[in-house]
Amino acid sequence: EEANEYEPPIADGFKPSSKLRVLEEKCNMVFESYRNLYYEGGVSSAYLWDQDEEASFAGCFLIKKEVIEPQRRVHQGCWDSIHVIEVTPKAGSKLGRGTFTYRLTTTVILTMVTEKGNAGAVNLSGNLTRQGKDKTASVKSENDHVINIGQMIEEMEIDLRNQLDTLYIQKTREVINSIRRPSSSNNMPSQAFVADLSGHIQNFKRGD
């Protein structure tokens with residue numbers, strides 16, 4: 001059972017209103033199921049807080065998954081995703097009924113360290129931040145907030161995972177392959193590789 005208390009205690013730490021606290025508990029329950037389905041482990045937390053405008057609120061949804069896979073030579077790895085959501089009501093809306101606009105900003109921090117294998121010691125770390133398109137939707141109960149926020153986070157994470165794979169990991173592999181070639185069985189570079197490298201050096205010297 002969640003105690004809604006800070007550990008260690010903080011005298012002036014913010015806490016959600018009673019109605020928003022109920023919504024926060026539902027978000028944590030659903031987000032935990034989401035994390036188990038997609039990440040098969042790790043830890044997750046969801047925090048909500050009231051904004052100045054009536055029925056408006058914001059939240060932070062966090063996932064952390066550490067990975068150590070000796071079979072893939074991953075000595076240390078970690079995925080951190082930070083989702084910040086702003087929820088703004090249209091005129092006349094209440095927390096559980098009305099029309100709301102959702103704005104999601106997500107940061108993913110990826111760390112992967114390998115120590116063995118042909119690549120040797122490699123530390124691949126970086127972060128990616130994206131802001132999604134604002135979404136306006138009507139709600140008939142507080143549960144609709146959980147559904148709307150959950151769908152936005154799921155779509156954003158799928159998009160970011162694809163971007164990290166195609167734009168960062170694949171590009172890094174392409175760059176490494178262009179400067180490091182596997183050696184032949186006698187630990188000597190291939191003649192074709194030496195000729196190719198020599199040609200580039202000569203062009204560089206000529207200023208081509």
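The values are calculated or read from the model by the stated rules, or taken from the named source; none is laboratory data. Here the structure is a predicted model, which means the values were calculated and not measured. In this analysis, Cβ positions are derived from the backbone assuming ideal geometry, glycine residues included, and neighbour counts consider all displayed protein chains. To get the accessible areas, we keep the full protein, side chains included, count just its heavy atoms, and leave off ligands, DNA and RNA. Shrake-Rupley method; radii C 1.70, N 1.55, O 1.52, S 1.80 Å.
For this structure, a couple of remarks:
- Restricted to segment 133-162, and to residues there that are of a type in the set (Val, Ile, Thr) and touching a Lys or Arg at 6+ places or on another chain (Cβ under 7 Å), the residue that is most open to solvent (accessible area, probe 1.4 Å) is Val146.
- Residue that is nearest to Asn148 (Cα to Cα) [pool: residues in segment 93-115 that are touching a Lys or Arg at 6+ places or on another chain (Cβ under 9 Å) and at pLDDT below 90]: Gly96
- Qualifying residue in segment 10-22 (condition: at pLDDT below 95 and at positive phi): no
- Number of the condition not met by Lys65 [criteria: (1) of a type in the set (D, E, K, R); (2) in contact with a Gly (Cβ under 7 Å, 6 or more places away or on another chain); (3) at pLDDT 95 or above]: (3)
- Scope segment 123-154; condition part of a helix (DSSP H, G or I) and either within 11 Å of His83 (Cβ to Cβ) or touching a helix residue (DSSP H, G or I) at 6+ places or on another chain (Cβ under 8 Å) (or both); matching residues: Asn143, His145, Val146, Ile149, Gly150, Met152, Ile153, Glu154
- Here Asp165 fulfils each of the conditions (1) in contact with a helix residue (DSSP H, G or I) (Cβ under 8 Å, 6 or more places away or on another chain); (2) at pLDDT below 95; (3) open to solvent by less than 70 Å² (accessible area, probe 1.4 Å) apart from (1).
- Every residue from segment 21-57 that is under 25 Å from the mean Cα position of the chain (by Cα) and of a type in the set (A, V, I, L, M, F, W, C): Leu23, Cys27, Met29, Val30, Phe31, Leu37, Val43, Ala46, Leu48, Trp49, Phe57
- Qualifying residue in segment 83-92 (condition: open to solvent by less than 70 Å² (accessible area, probe 1.4 Å) and at pLDDT below 90): no
- Top-ranked residue of segment 5-35 - restricted to ones that are of a type in the set (D, E, K, R) and part of a loop (DSSP other than H, G, I, E, B), ranked as least open to solvent (accessible area, probe 1.4 Å): Lys15
- Checklist (1) in a strand (DSSP E or B); (2) out of contact with any helix residue (DSSP H, G or I) (no Cβ under 7 Å at 6 or more places or on another chain) applied to Tyr38, failing item: (1)
- Within segment 94-132, the residues that satisfy the criterion of being closer than 22 Å to Asp52 by Cβ and open to solvent by 80 Å² or more (accessible area, probe 1.4 Å) are Lys94, Arg97, Arg103, Gln131.
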